[in-house]
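Since the structure comes first, as structure tokens, the remarks are kept for the end.
The values are calculated or read from the model by the stated rules, or taken from the named source; none is laboratory data. All values derive from a computational prediction rather than experimental measurement. FYI the Cβ positions are ideal-geometry reconstructions off the backbone, even for glycines, and counts take in every protein chain you see.
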Ligand code: GLN
């Protein structure tokens, strides 16, 4: 006799299977994967517990549960991740957006409400390493008068980010560019005019990547994680190139690993090209480190504005 599974049975079965692994939330994963397969929202699984599920969907669900059990990230299976209250499409080949990065985005959104930016008609922002477009598109969504130049070397990242800009209706506020760090900006004649440069660059030291959670180490793109031998390669390059593009009243804001605050701050102090700028005495540059909700250093900011 063919077994009939209800929604309730399947969620329970998913929990049992995933529960043997090291997953944070077998209940949520099981619910979300079933919702994905039968195309309903989570509430439906509570209100229709006894509904019998077609065996084709049962097979599909159990296959996904097995894949999840192998450590494959659920976001790639569902094809989405929420960030700053917006739904982002993600797939293998782009970094999965992290809540940590919201600290950087929220900081910028608050900053532009200050007096220095309030009087500006347009705010020009550069995002280095756009990935799925999380930073770029949430800034474009929440800052009305922003235009973002959004750069990545990865074709997959640019495809995903472009798709997200379409889904979020933000195409007119973003210029996507392919290339290495600031290089693609060279043809645009915008040197010295950028108000804000942001980046969440790859910052994991190469030797530490294999020790990350399996979900990250095996399935997320190395290109988006690997920051070179000491994890600081991209900070060095961004710090040394940013002065060419940043306006005299500019802000450079970088996401960092929890233990990289002092090193990145020192890079900015030692050789920030902003120091070469003609900054008036009463208009000093200031460097601050912003902490995340867990109390760890998360963002380093250099600004030459008085806000
Ligand atoms: N900017 C994207 C994010 O923060 C991608 C970052 C990256 O790939 N290192 O999610």
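What to note about this one:
- Filtering the stretch 136-145 to residues that are crowded, with 24+ Cβ neighbours inside 10 Å and either farther than 14 Å from residue 196 by Cα or near the ligand (Cβ under 10 Å from one of its atoms) (or both) leaves 136, 137, 138.
- When residues of the stretch 106-135 are limited to those that are within 16 Å of the ligand (Cβ to nearest atom) and either surrounded by fewer than 20 Cβ atoms within 10 Å (Cβ to Cβ) or free of Cβ contacts under 8 Å to residues at least 40 places away in the same chain (or both), the one nearest to residue 289 (Cα to Cα): 107
- Selected residue (criterion: surrounded by the fewest Cβ atoms within 10 Å (Cβ to Cβ)) from residues of the stretch 225-238 that are part of a helix (DSSP H, G or I) and free of Cβ contacts under 8 Å to residues at least 40 places away in the same chain: 236
- Pairs with Cβ under 7 Å, 6+ apart, first in the stretch 52-69 and assigned to a helix (DSSP H, G or I), second surrounded by fewer than 15 Cβ atoms within 10 Å (Cβ to Cβ): 55/2; 69/21
- Assessment of the stretch 52-71 against the conditions (within 16 Å of the ligand (Cβ to nearest atom) and out of contact with any helix residue (DSSP H, G or I) (no Cβ under 7 Å at 6 or more places or on another chain)) yields no matching residue.
- Residue that is farthest from the chain's Cα centre (by Cα), among those in the stretch 253-266 that are surrounded by fewer than 20 Cβ atoms within 10 Å (Cβ to Cβ) and either within 12 Å of the ligand (Cβ to nearest atom) or farther than 27 Å from residue 115 by Cα (or both): 266
- Within the stretch 239-252, being crowded, with 23+ Cβ neighbours inside 10 Å and in contact (Cβ under 8 Å) with a residue 60 or more places away in the chain holds for 242, 251.
- Hey, residue 244 at pLDDT below 95 and either more than 16 Å from the ligand (Cβ to nearest atom) or touching a strand residue (DSSP E or B) at 6+ places or on another chain (Cβ under 6 Å) (or both) or not: yes
- In the stretch 146-193, residue surrounded by the fewest Cβ atoms within 10 Å (Cβ to Cβ) [restricted to those that are part of a helix (DSSP H, G or I) and within 13 Å of the ligand (Cβ to nearest atom)]: 156
- Pair list, Cβ < 6 Å and 6+ apart or interchain, from the stretch 190-206 residues that are within 21 Å of residue 139 (Cα to Cα) to residues that are in a loop (DSSP other than H, G, I, E, B): 199/129; 201/129; 202/227
- Screening the stretch 194-218 for residues that are exposed (fewer than 14 other Cβ atoms within 10 Å of the Cβ) and part of a loop (DSSP other than H, G, I, E, B) and picking the one that is farthest from the ligand (Cβ to nearest atom) gives 213.
- Scanning the stretch 70-93 for residues that are without any contact (Cβ under 8 Å) to a residue 24 or more places away in the chain, in a helix (DSSP H, G or I) and out of contact with any strand residue (DSSP E or B) (no Cβ under 6 Å at 6 or more places or on another chain) gives no hits.
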